[in-house]
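Scroll down for the structure; my scribbles are underneath it.
The values are calculated or read from the model by the stated rules, or taken from the named source; none is laboratory data. No experiment lies behind these values; they were computed from the predicted model shown. When we count neighbours, we look across all protein chains shown, and the Cβ atoms used for this are built from the backbone with ideal geometry, even at glycine. To get the accessible areas, we keep the full protein, side chains included, count just its heavy atoms, and leave off ligands, DNA and RNA. Shrake-Rupley method; radii C 1.70, N 1.55, O 1.52, S 1.80 Å.
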Amino acid sequence: MPAFRPRVSVAAREGLRTGFSIALGYFPVAVAFGLAARQAGLSAAEAALCSLVVYAGASQFVLAGLLAQGATFVAAAATALLLNVRHVLFGASLAPHARRWPRWQQAVLAFGLTDEAFAAASSAVHRGFFGRRFLGWTQAVSYASWVLGTLVGAYFQQSLPAAARDALSFALTALFVALLIPALKRRSDWVAAGVGAAVAAGASYLGSLSLGLFAAGVVGASAGWWLGRTAGKDGEAGENAGRRDARITGCSHEREVAAKS
Amino acid sequence: MHGDILALLLVVGLGTYLLRCLPLVGLTRRRLSPGIEGWLRYVGPAVLGALIASGLLTPHHGLGFSAAGLGALLPTAAVARLTRNLPFATLVGVVAYGVLHAWLG
């Protein structure tokens, strides 16, 4: 008798798991944004709308701060958008893996391409189970937690205990570590991550962390790419590591394609 | 809801969306050179490294790093490496950070 197999694809299950991990980090940050937005003079509806349509943590906090200081329309919009320039890299990086998707699905899934969703997507690419279902479920859960957290912050404000807020403030960093570690397969990956970290730290020291993240992406990727090109056997070792990793996680690109069909 | 705030949110929302959407939709229709595709492969690890560093930096202290954050890195990385379980590794990191933050002050 054939074994019963539930029809939940590997990609959807991984997407949900990843989405809940991101939500663990998003929720307290979104609560803090809801609180900050109210303190900046926005109504609860405006705070919620900001999370619904902008959906970009750093620039939302900056918008709230600028509005509180009475910044002009142009200054507030330009500053918030400048903070999000780094997102250009995200779409470009995922584009080669999204070629077979219908254009409307590319357009829909691009909306939720936050730092965290991109980090999860990038890790999924390296581990072999990136796809529409993975990205869709990851983004759906993350987006819901961001909007819900904003509403909680806007309406209930200081309801979370301080100790829990402190602990949860590390959730996104812990998530990034958990995403990065399995993606480090080649020496050049380590170099890209290390150089990216160093550039971000330097930019933060100079007072421009958001532009620093963009610079870190460019400089770190260039360093990793250069090392990967010059190290002859590096690519082969990475390929083998990738296959090993796909076996460990029980996922493969082929399975993802089969699940989607 | 104020009209100017509504307009500002819509402009920033639309601009942010275009920054995310145009490269994804635009670049899927053209074949990139292997060199550029190879370079783009490293953007993920580089951005993740940068995000981790920025999460460990203490605000307004120059290049100061959070001791609790640095301490919580090891168990998080170890659990991620051993289990490859994302929610569990994240939770371990949060608990480790909470304990260290309460302990170190």
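Label-to-label distance for B:Ala67 and B:Ser33 is 5.1 nm, based on points extended 7 Å past Cα in the beta-carbon direction. With contributions of -39500 (n - 2.57) from each DSSP H run of at least four residues, the per-residue ellipticity at 222 nm computed over chain B stands at -26500 deg cm²/dmol. With a Förster radius of 35 Å applied to the beta-carbon distance between A:Tyr155 and A:Val85, the computed FRET efficiency rounds to 0.60. Peptide A:111-124 shows a mean partner chain C-beta count of 4 within 10 Å per residue C-beta. Placing unit charges on the Cβ atoms of the charged side chains and taking the dipole of chain B about its Cα centre, the candidate lying farthest along the positive direction among B:Leu56, B:Pro34, B:Val94 is B:Pro34. Legend: residues A:Trp146, B:Trp39, B:Trp103, sorted from most to least accessible area (1.4 Å probe; ligands, DNA and RNA excluded), read B:Trp103, B:Trp39, A:Trp146.
Amide H contacts for B:Phe65 (H built 1.01 Å from N in the peptide plane; partners 5 or more residues away or on another chain; cut-off under 5 Å): B:Thr58. Placing unit charges on each Cβ (+1 for Lys and Arg, -1 for Asp and Glu) gives segment A:1-87 a dipole about its Cα centre, and among A:Ala40, A:Pro28, A:Thr18 the Cα reaching farthest toward its positive end belongs to A:Thr18.
Averaged over the residues of peptide A:218-228, the number of Cβ atoms from other protein chains lying within 10 Å of each residue's Cβ is 5. Rounded to the nearest 20 debye, the dipole magnitude of the protein assembly as shown is 1380 debye, with +1 charges on Lys and Arg beta carbons, -1 on Asp and Glu beta carbons, and the Cα centre as origin.
Would you be so kind as to identify which of A:Thr79, A:Val108, A:Cys50 lies farthest towards the positive end of the dipole of segment A:1-131, taking Lys and Arg as +1 and Asp and Glu as -1 on Cβ and the Cα centre as origin? So the residue furthest toward the plus end is A:Val108.
Could you work out, residue by residue across A:178-189, how many beta carbons of other chains sit within 10 Å of that residue's beta carbon, and then give the average as an integer? Before the final figure, lay out each step's value.
Details: counts 16, 9, 9, 10, 5, 3, 5, 1, 3, 0, 4, 7.
Across the residues of A:178-189, the mean count of other-chain Cβ atoms within 10 Å is 6.
According to the square roots a ≥ b ≥ c of the eigenvalues of the Cα gyration tensor, what is the shape class of the protein assembly as shown, taking rounded for a/c under 1.5, prolate for a/b larger than b/c otherwise, and oblate for the remainder? Rounded shape, in that the Cα axes give a/c under 1.5. Applying both filters, DSSP loop and at most 12 other Cβ atoms within 10 Å, to the trypsin sites (Lys or Arg not before Pro) of segment B:1-100 gives B:Arg29, B:Arg30, B:Arg31.
Only Cα pairs under 8 Å and 6+ residues apart enter the sum, and on that basis the relative contact order of segment B:13-105 stands at 18 percent. Under 18 Å from a label point set 7 Å out along the Cα-to-Cβ vector of B:Thr83, the amide N atoms of segment A:20-38 belong to A:20-25. Taking a ≥ b ≥ c as the square roots of the eigenvalues of the Cα gyration tensor, an a/c ratio of 1.5 or more together with a/b no larger than b/c marks chain B as oblate. In this structure B:Ile5 has an accessible area near 20 Å², from a 1.4 Å probe over the protein heavy atoms.
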